[in-house]
Each structure stands twice: as C-alpha cells, then as structure tokens.
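The values are calculated or read from the model by the stated rules, or taken from the named source; none is laboratory data. As the structure is a prediction and not an experimental result, all values here were calculated from the model. Here the Cβ is made from the backbone with ideal geometry for all residues, glycine too, and neighbour counts use every protein chain on show. The protein model used for the area step is the full one, side chains on, heavy atoms only, and it has no ligands, DNA or RNA in it. Shrake-Rupley method; radii C 1.70, N 1.55, O 1.52, S 1.80 Å.
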Amino acid sequence: MAVLKRCPIPPLLPLVIILSFLLAGCISDDPMSTFSRDGSAASLELDLFALIWWLMVAVFVVLEGVLLYVVLRYRKRPGQEDVLPVQTHGNTKLEIAWTIAPALVLVALMFPTIQGLGILSEKHGGDAINVKVIGHQWWWEFQYPDYGTNPQGQPLVVTANEMHIPAGKKVNLALESADVIHSFWVPRLAGKTDLIPNHHNTMWIDAKNPGEYYGQCAEFCGTEHGMMKLRVIADTQGEFEAWVSAQKSPQPAATGVAAQGATLFLTKGCIACHTIAGNPAAQGKIGPNLTHVGSRTTVVAGFFENNTENLTKWIQNPDSLKSGNIMGRDAPVYKVPELAMTDEDVKMLVAYMQSLK
Amino acid sequence: MATVTGTMGGVLPRPSIHTTGFWSWVTTVDHKRIGVLYGVTAFTFFLIGGIEALAVRAQLARPEQGMLQPALYNQLFTMHALTMIFLSVMPLGVAFFNIVVPLQIGARDVAFPRLNALSYWLFLFGGILLNAGWLFGGSPDVGWFAYSNLTGTDYSMGAGMNYYVTGLQVLGVASVAGALNFIVTIVNMRAPGMSMMRLPVFTWMTLIVSILLVTAMPVISIALIELTFDRLFGTNFFNPALGGDPILWQHLFWVFGHPEVYILILPAMGIVSEVLPTFARKPLFGYAFVIYSGIVIGFMGWGVWAHHMFITGLGPVANAVFALSTMLIAIPTAVKIFNWIGTLWGGQIEMKTPVYFSIGFVAVFIVGGLSGVSHAATPSDFQQSDTYYIVAHLHYVLFGGAIFGLFSGIYYWFPKVTGRMMGETLGKWHFWLMFIGMNLTFGPMHWLGLNGMPRRIYTYPSGMGWDFWNLVATISSYLIAISMLIFLHNVFRSLRKGPRAGNDPWNARTLEWSIPSPPPVYNFAEIPVVLARDAYWEQKYGSGHENGQAHAATSEHVSEGQYGAAADERHDIHMPWPSYWPLITAFGLFVVFAGLLVNVVFAALGVLILFYGVYGWALEPVAE
C-alpha cells in the first residue's frame with residue numbers, strides 16, 4: 001500500500017491505451033477495418049474521424065495533463081492544517097472564455113460534417129449500377145434490376161450474401177427489409193444504413209480496386225444477428241460482365257448424383273422456400289435464391305466456407321452451425337419423421353447444390 | 001411485529017412509530033431508511049447486472065466459443081443493460097436523493113413520505129417483474145432499446161418482451177412518483193434562508209433530474225402502452241405488415257432515452273461537485289456556471305435524440321440539425337469539467353477515498369465526452385454506430401462516469417448514514433483495481449469498434465483482428481469483479497469495525513454534516529437558518545462580513561451536534577408514523593401488470609388491491 005500512498009494520481013493508463021490504438025490504427029488492414037480507404041465513402045468518413053480524433057487527442061492530453069498537475073501540485077501537505085487555501089469562488093471572464101472556446105471548435109466541426117452528409121446522400125446516375133438489398137432474418141438478398149426480368153417481373157440476377165460489383169463504379173443501393181430492421185455495413189467501403197420495413201432507404205458504395213470486402217448486419221435483428229454476414233466482391237469490369245451473364249442463365253437439368261439430389265430437393269419440400277431458376281418447381285421466396293449457389297465462396301450468410309463438409313453439416317442439421325436459424329426451426333424435413341433425410345440423401349443434395357455453378 | 005395501537009373501520013391499523021425490526025423497515029416512511037432500502041436493493045441488482053456482464057464477456061473471450069447459445073446470450077446482454085440502467089444506476093441515484101437532499105436543505109423529511117415509500121416498493125416490484133423471465137418463460141432478448149418490429153409477436157414469440165413492457169411500466173410509475181416528491185420537497189421545504197442560489201449542487205442536480213424524469217418517463221410509458229397493446233391485444237402501432245411504423249418506436253424511445261442518459265449522469269455530477277470542494281477545502285469554482293450548465297444539459301437533452309438514429313435514413317437535413325445540437329451539448333459538459341479542475345486548482349486536496357473516485361470520474365469522463373464528439377459528426381458515426389466503439393463510449397460515460405461518481409458518494413456519505421468510517425486502505429485498493437480494470441475492459445473496445453466489431457453479436461470468427469483485445473477486455477472485466485468483492489468486504493467490515501465518524505469527519509460544507517451520524521429520525525432538532533451557500537462551512541469559518549453573523553474561526557469551536565443537541569430528549573417533534581399502505585398499493589399495481597401476463601382475472605384482482613390500498617391510504621389517521 002505504500003506504493004499507492006505515494007502515487008495518488010491516475011497513471012496515464014488511458015493515454016497509453018489510446019495512443020497504442022492510434023499506432024495500431026495506422027497499420028490495421030483487418031477485414032472489417034474502418035481505417036481503410038478502399039471505398040470513397042469510407043475514405044470521406046475516415047478523414048472526418050481523423051480530424052476529430054487529433055483534435056480530441058490534443059484536448060485529452062491538455063485536460064488530463066492539467067488534472068494530473070493539479071492533483072500532484074495541490075495535495076494537502078503537512079503544516080497546512082491551520083491555513084485555508086484562498087477561497088476562490090470563480091472567475092467570470094475565465095469561465096466565459098472556456099465556454100466559448102469549445103463552442104468555436106465544435107461549430108467548426110459542423111462544416112466538414114454537413115459537407116460530408118451532402119456527398120454521402122448523393123444519387124449517382126451515368127454508368128452507376130443499381131442493386132436492391134433486402135434484409136432477411138438472417139441473410140442478405142441482392143437483386144440486380146438493371147439486367148432484365150423474367151415473365152413474373154422478377155430480376156434475372158438475384159443472389160444471396162455475396163454481392164458482386166464492378167470495381168471503380170458507383171453502386172446505388174436500395175435498402176429494404178423483408179422482416180425486421182437490419183443494417184447494411186461493409187466497413188472498408190462505407191458506413192452503414194438501416195434496412196427498415198415500409199421504408200425505402202438508399203446509400204451508395206464503390207470499391208476503388210477489385211477485391212473481397214467483408215460486411216455484417218449492424219442492427220440487432222434477433223437470435224442470429226451475430227451470424228448475418230456478407231461479402232462484397234468487386235470484380236474488374238470484364239469479370240463482372242461475365243458474372244452477370246452467368247447469373248442470368250438458368251440452370252440446365254442436373255445429371256448423375258446431382259439429378260437425384262434435384263429430385264430430393266422437390267420431395268423433401270426444399271422448393272417451398274428456395275428458388276432455382278431453370279427448375280420450374282423451385283420458386284420459393286422465403287429462403288435464399290440458390291440458382292448459382294455452387295459458385296459462391298461461402299454458405300450460411302457468409303460465416304462458413306462453401307465446401308462439402310460445411311454444406312453437409314448445414315443440410316444435415318442446420319442448428320449445428322447456426323442454432324437459431326429459420327430453416328432448422330420451420331422446414332418440415334427436420335420436423336416430420338417421415339421426411340427425415342438419410343446420410344445418402346444429404347450427399348445427393350450436397351452434390352446438387354455443388355452442381356449449381 | 002408491529003405494535004397495534006388502534007384500528008379503523010375495515011382497514012389495517014397504522015403501525016406504531018415505536019415499531020422495530022423487520023416491520024419497521026417494511027412500513028417505514030423515513031427518507032433515510034427508504035434511501036438505504038433503495039441503495040441496498042439497487043446494489044443487489046448491480047451485482048446481478050455485473051454477473052450478466054461477466055457471462056457476456058466470458059462468451060466473447062475467444063472467437064467461435066459455444067459457451068452460451070445465442071438465445072441465452074441475447075437475454076444476458078439485454079438484461080445487463082436494463083438492470084444497470086433501470087435497476088442500478090437510476091435507483092442508486094435515488095438512494096442518494098433520499099438520504100442527502102432533505103438533510104442538505106435542512107428538512108425533516110420529504111414532502112410526501114408515504115409516496116416516497118410507494119416509489120421504493122414500486123421500484124422493487126418493477127425490478128422483480130422485469131427479472132421474472134429468468135424463472136418463467138425467458139427474459140427480454142431484443143436489447144434494452146427493443147426496436148420494433150422485432151418486439152412484435154411475429155418475431156418475439158416468447159414471454160420475454162411481456163416482462164419488458166410491464167416491468168418498465170411499473171418502474172416508470174415509481175420514477176415519476178419519486179421525482180414529483182423531490183421537486184416539491186426541494187421547492188417547498190428548504191430551510192429559511194436557503195435560496196435557490198444557496199442550494200447545494202447535489203440538490204440542484206436532483207431537481208434537474210427530477211424534472212427530466214417527470215417529463216421523460218411519460219414518453220416511454222406511452223410507447224410501452226402502445227407496445228403492450230400490440231403484443232397483448234393485437235393492435236398495430238408498430239406492425240409494418242399492417243401499416244404501422246417501426247421508426248415511431250425509435251423516436252419515442254430516444255426522446256425518452258436521451259434525457260435518460262442525463263438522468264443517469266447528473267446525480268453523479270452532483271456528487272462530484274460536493275466531494276471535490278470538500279476535499280480541496282475550497283468552494284466549488286463557478287457555482288453558477290455549474291448550475292446553469294446542468295440546467296442547459298437538462299434542457300438540450302431534449303433536442304439531441306435523433307443522434308441515436310443517424311443510420312435510419314432521416315436524411316441529410318435532419319442529420320445535420322441533430323449533429324449540431326449534439327455538438328452544442330458538449331459545451332456545458334466541458335464547462336463542468338473545467339470548473340471541477342478549477343475547484344481543485346489552488347486547493348489542499350486531502351487524498352481520501354471519496355476524492356479518488358471523484359477525480360477518477362473526471363479523468364474517465366473526459367474520455368467518454370471526447371469520444372462522444374466523434375459520433376456527433378454524422379458521417380463519422382456512420383462507421384461507429386452499433387459497434388464496440390459505442391459500447392466503449394457509453395461505458396466510459398456510465399461506468400467511468402456515473403458509477404465512479406456513485407461510489408464516490410457511497411464512500412463520502414457512508415459515515416453519515418451508518419455513523420462509521422469506511423476503510424481507507426481497502427477503499428484505495430477498490431479504486432485502483434476498478435480504475436485499471438475499467439480502462440482495460442472498455443478502453444480496448446474503442447479499438448475493436450473502429451476495427452469493425454459490431455455490437456450485440458454472440459460470437460465472431462477468428463482472423464478479423466478482434467481476438468486479442470477481446471481477451472484483454474474479458475480478463476480485465478474480472479478485475480472489476482474483484483474490486484467489487486473488495487468493496488463489499490469493506491462495507492461489511494466497516495459496519496462492524498469502522499471507527500466512529502462523528503458529525504463531520506470530512507470537514508465538509510453542507511448541512512447534513514452539522515447533525516449527528518447517523519442522523520436522528522427527525523434530522524434537525526431545530527431547523528437551521530441558512531446565511532450563505534455552503535451553509536455549514538460558513539458556520540464553521542464564517543467570514544465575518546456576511547450578515548454580521550460571524551462564527552468562530554475554526555471548526556473546533558462549533559460544538560458537535562449543534563442542531564442535534566440534546567437529541568435524545570426531544571419528543572416534541574412530530575414525525576409521520578409508519579404505514580402499510582404504500583406497500584399494499586404498490587403490490588396492487590404489481591398484480592395488475594403481472595396479472596395481465598397470466599390472466600385478466602388476476603389483473604382485476606390487482607385493481608381491487610390497488611383500490612383497497614388507495615382507500616386505506618386516504619383514510620389513514622395521522623397517528624393511532
């Protein structure tokens with residue numbers, strides 16, 4: 001305790017921690033880092049944050065420094081028992097000054113704030129592309145209205161959890177929700193905006209360079225909120241066009257083991273929730289569109305790699321990967337004993353999924 | 001058991017003023033005892049909320065842990081927030097209002113002692129109802145903000161949300177009743193000479209908080225009524241499938257929710273404004289500025305709610321307006337910090353435990369205030385909203401701020417309430433462990449948020465750069481837990497072995513220190529006449545040129561218990577007798593709301609009990 005008595009002031013712990021974040025921040029290249037300049041919006045937001053950050057670091061150092069000085073300098077010392085300190089009641093000039101000073105700093109910060117808000121709420125025309133983002137518990141649906149529709153008026157290009165965009169182009173996002181409030185966030189590209197039922201929010205993103213950008217639902221949306229991830233895959237213009245034309249083509253009839261899987265897809269009731277273009281029976285809209293699921297890099301809302309092992313686990317027992325998921329809760333195949341799948345059935349279904357390139 | 005000294009037609013007898021033991025606590029209307037009940041109950045909930053937080057931290061210690069299933073995890077973080085906000089920090093503030101305010105203004109009790117008891121019992125029952133889900137059908141699991149339409153019966157099928165809407169409703173009634181009581185008390189029951197600008201700062205903050213409570217609580221009450229009707233009776237206020245608007249809830253919730261933030265922090269600011277001058281042996285620097293900035297914070301707190309909704313697509317104009325108002329509310333907060341530092345400047349700071357916590361408050365609150373500026377700027381907030389950066393910010397404000405302030409108050413007024421000093425060495429261990437633990441738990445969360453970790457996720461994959469700091473935060477959260485054990489040990493030890501405090505162990509400034517510790521039931525044998533701000537200090541050190549009423553120059557000349565003199569012999573002071581009716585009335589309201597969840601017959605029974613309680617209350621004789 002002797003140490004404590006000699007050291008009455010808070011050591012500069014917060015300062016050390018914050019400065020160490022700062023140093024770490026300069027080098028953070030993590031998948032969800034907000035320190036990235038990969039997107040124009042993220043870059044703008046980072047500039048504003050950095051401005052505020054350095055201002056606040058300065059204020060922090062001054063205030064904590066003065067506090068530290070005061071606590072060290074004005075501790076009660078032996079011999080002071082009978083003397084009172086000067087009984088200052090205040091200093092109006094000083095107090096007015098330190099009211100106005102922060103006001104000036106804070107009002108100055110409004111200029112970049114309002115400017116940024118203007119830029120971030122722009123709508124882009126010209127060669128910008130449009131994507132409709134629909135939030136579901138707990139996965140993402142991406143519709144591309146620019147590339148034609150089927151006779152029912154549905155866009156031909158519909159995918160889930162992985163959004164392809166052309167690098168270098170602005171992408172207007174129309175944000176909607178099929179159930180509760182979600183929030184679309186890909187930190188390396190842009191800050192977030194909510195998807196709200198009965199509201200039509202918009203935002204725009206762009207990726208300066210091709211690459212894979214991680215995202216995640218940011219607004220608490222129920223049990224599996226933590227597993228509602230997504231990827232934005234920025235392709236070169238050529239790759240993107242190739243991807244669009246591949247997505248537009250319906251699936252040819254499956255062959256071999258996959259064909260047996262296709263039959264099971266019908267008889268086990270999967271079609272009630274999932275769409276597979278080219279399979280006229282599969283028109284469900286509740287779960288993700290699986291037309292080209294075999295070409296995706298992840299399964300289960302961006303959390304797991306798309307491989308045989310994970311697909312098998314997911315189809316066999318969805319709760320083993322994501323305990324609150326709706327397929328495991330509602331799909332008859334997991335409830336009705338007569339519909340239960342054998343290991344062989346699961347293999348066939350996995351083969352069918354993997355054939356849907 | 002109560003001494004029955006008489007009966008009244010058809011209703012319970014009034015318990016005697018000589019009641020002792022258990023029943024004296026159940027029937028008490030003494031503001032000091034009610035304050036202790038508030039404090040002990042709130043601290044118990046604080047420990048429960050802390051355990052919930054430790055469980056959450058344990059789950060997040062490593063990536064992809066399966067210790068807690070998401071269904072349970074979501075209940076834990078929701079209940080952690082609800083418990084800390086509504087059942088710990090708010091009622092701990094109210095505990096201090098009860099114990100301190102009547103003593104500071106030279107009153108014998110609050111304006112409505114039985115109403116005060118009713119507030120406590122409603123708080124207790126509301127807390128029980130809110131926690132009932134742990135035993136019966138699951139707790140709320142949608143966050144304390146409970147955004148609709150996730151709270152509708154389509155998505156929250158279990159009972160959890162029902163406990164939320166009914167529990168918070170009961171707690172709201174408790175808060176409004178208590179707040180009205182304190183407004184009337186502070187306005188009407190000040191001792192002669194105590195003008196508003198002589199009012200101690202803590203009492204001023206109590207007044208501001210009470211006004212905020214009376215005005216903010218009805219907003220959430222209406223939202224809760226609408227949600228209750230949606231859930232129980234099939235209305236569609238928030239159901240988008242039938243044209244309702246989920247954003248309506250967010251506006252109502254945050255119009256309440258932001259003033260609520262100031263309801264949580266202003267009592268702590270009041271405590272710090274009492275402790276710093278006492279231990280620096282100087283008056284508060286810029287008393288008027290501190291009071292005015294408190295008023296301005298309370299007023300402006302109504303104009304910033306949509307900064308919680310920047311990402312809901314309000315549009316650039318609304319976002320800019322709320323960014324500006326949020327920037328501006330930082331000014332009075334900054335002024336307070338400057339004035340506290342000004343108070344210490346030039347003082348003779350006596351480094352006792354209460355002042356450690358108050359200085360800790362200032363040191364940590366600066367961080368919370370500064371990080372707040374970065375999400376007042378809307379584009380910057382688009383990245384930070386709903387991330388761990390916000391979790392860090394709010395804990396620097398509410399844990400580093402409110403909780404440090406409240407602990408400062410506990411160490412400061414414990415001698416007044418119990419008559420015994422708390423252990424200094426243990427107190428400093430408590431402080432340092434809590435201070436270090438707090439900074440290492442919540443400090444790294446700034447970084448986690450900026451590195452992209454969203455809030456309210458029950459697990460995360462490895463490889464996101466979140467592993468290390470999550471582990472640090474978890475380990476450090478257990479440091480805080482250890483500091484709480486030290487505090488509890490200190491409390492129990494001091495209750496038995498603490499040195500006697502005397503009237504004025506800190507050489508303090510306000511009237512509560514002029515009477516014995518613990519104070520007699522009637523507080524002041526003679527109602528004091530107040531001649532200056534810092535009334536007791538003036539008596540001890542009176543400058544000699546104020547009102548020509550100079551007193552002796554040193555404290556030694558003021559005899560202990562000036563106002564408590566001959567305390568034991570005084571029987572002519574009329575004090576209100578204890579009463580059963582607050583408890584019965586509160587129980588009635590509890591049965592109404594709990595009954596709604598079971599069967600409407602029970603609710604009807606609750607209405608009967610409620611009417612019985614109000615009837616007996618109204619007809620209760622002054623004394624038997």
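Just the Cα atoms of chain B, one point each, no solvent: what log10 I(q)/I(0) does Debye give at q = 0.05, 0.08, 0.09 Å⁻¹?
-0.22, -0.58, -0.74
How high is the FRET efficiency between A:Thr342 and B:Phe602 when r is their beta carbon distance and R₀ equals 56 Å, given to the nearest 0.05?
For A:Thr342 and B:Phe602, the calculated efficiency is 0.65.
So what is the calculated 222 nm ellipticity per residue for chain A, using -39500 (n - 2.57) for each DSSP H run with n of 4 or more, over all residues, to the nearest 500 deg cm²/dmol?
After summing the helix terms and dividing by the residues of chain A, the value is -12500 deg cm²/dmol.
222 nm [θ] for chain B, helices only, -39500 (n - 2.57) per DSSP H run of 4+, per residue, to 500?
-21000 deg cm²/dmol
Summing +1 for each Lys or Arg and -1 for each Asp or Glu, what net charge is found among the other residues whose Cβ lies under 13 Å from the Cβ of B:Phe365?
The answer is 0.
In nm, to one decimal, how far is the B:Trp302 label point from the B:Ile128 one, both placed 7 Å along Cα→Cβ?
3.6 nm
Among the aspartates and glutamates, which fall within straight-line cross-link reach of A:Lys123, defined as a Cα-Cα distance under 19 Å, with same-chain neighbours fewer than 8 residues apart omitted?
Within reach: A:Glu45, A:Asp146, A:Glu176, A:Asp194, A:Asp206.
First select every other residue whose beta carbon is under 12 angstrom from the beta carbon of B:Trp340; then total the charges, Lys and Arg +1, Asp and Glu -1.
+1
Counting only protein chains, not ligands or nucleic acids, how are A:Tyr69, A:Tyr147 ordered by accessible area (probe 1.4 Å), most first?
Reading off the accessible areas and sorting them downward yields A:Tyr69, A:Tyr147.
At what distance in nm do the modelled label points of A:Gln87 and A:Ala259 sit from each other, each positioned 7 Å from its Cα along Cα→Cβ?
10.1 nm
Run the accessible area of chain A with a 1.4 Å probe and give the carbon-and-sulfur part as a rounded percent.
62 percent
List the aspartates and glutamates whose Cα sits under 14 Å from the Cα of A:Lys208, skipping any in the same chain fewer than 8 residues away.
The qualifying aspartates and glutamates are A:Asp38, A:Asp235.
What accessible area per residue comes out for the range B:30-501, rounded to a whole number of Å², with a 1.4 Å probe?
26 Å²
Name the residues of the range B:132-173 whose accessible area, probed at 1.4 Å, falls by at least 50 Å² once all protein chains are in place instead of their chain on its own?
The answer is B:Leu150, B:Tyr155 - residues whose exposure falls by at least 50 Å² when every protein chain is included.
In square angstrom, rounded to the nearest 10, how much accessible surface does A:Asp330 have for a 1.4 Å probe?
Here the accessible area works out near 80 Å².
How much length is gained if the chain between B:Leu471 and B:His489 is pulled fully straight, taking 0.36 nm per residue apart and subtracting their Cα-Cα distance, in nm to one decimal?
3.7 nm
Interface size between chain B and chain A, please: total buried accessible area, 1.4 Å probe, rounded to the nearest 100 Å².
Answer for the B-A pair: about 8800 Å² buried.
With +1 on each Lys and Arg Cβ and -1 on each Asp and Glu Cβ, how big is the dipole of chain A about its Cα centre, in debye rounded to the nearest 20?
Result for chain A is approximately 840 debye, rounded to the nearest 20.
Suppose every K and R has +1 on its Cβ and every D and E has -1 on its Cβ; what is the size of the dipole of chain B about the Cα centre, in Debye to the nearest 20?
820 debye
Hand me the tally of lysine pairs in the range B:30-501: alpha carbons under 27 angstrom apart, and the pair either on different chains or 8 or more positions apart.
17
Roughly how many debye, to the nearest 20, is the charge dipole of the range A:124-181 about its Cα centre, given +1 on each Lys and Arg Cβ, -1 on each Asp and Glu Cβ, and no other charges?
Here the range A:124-181 has a charge dipole of around 160 debye.
If you count the DSSP beta bridges with both ends in the protein assembly as shown, what percent of them are antiparallel, to the nearest 5?
That works out to approximately 70 percent antiparallel.
Answer with one residue from B:Val296, B:Ser408, B:Ile263: the one whose Cα lies farthest towards the positive end of the charge dipole of the range B:30-501, charges on Cβ with Lys, Arg +1 and Asp, Glu -1.
So the residue furthest toward the plus end is B:Ser408.
Quick check: net charge around B:Asp30, other residues with Cβ under 12 Å of its Cβ, Lys/Arg +1 and Asp/Glu -1?
With Lys, Arg at +1 and Asp, Glu at -1, the net is +3.
Percent of accessible area on chain B owned by carbon and sulfur, 1.4 Å probe?
Answer for chain B is 69 percent, counting heavy atoms of protein chains only.
Cα to Cα, under 18 Å, and not fewer than 8 places away if on the same chain: which lysines meet these conditions relative to A:Lys268?
Within the straight-line cut-off, A:Lys268 pairs with A:Lys285, A:Lys313, A:Lys335, A:Lys347.
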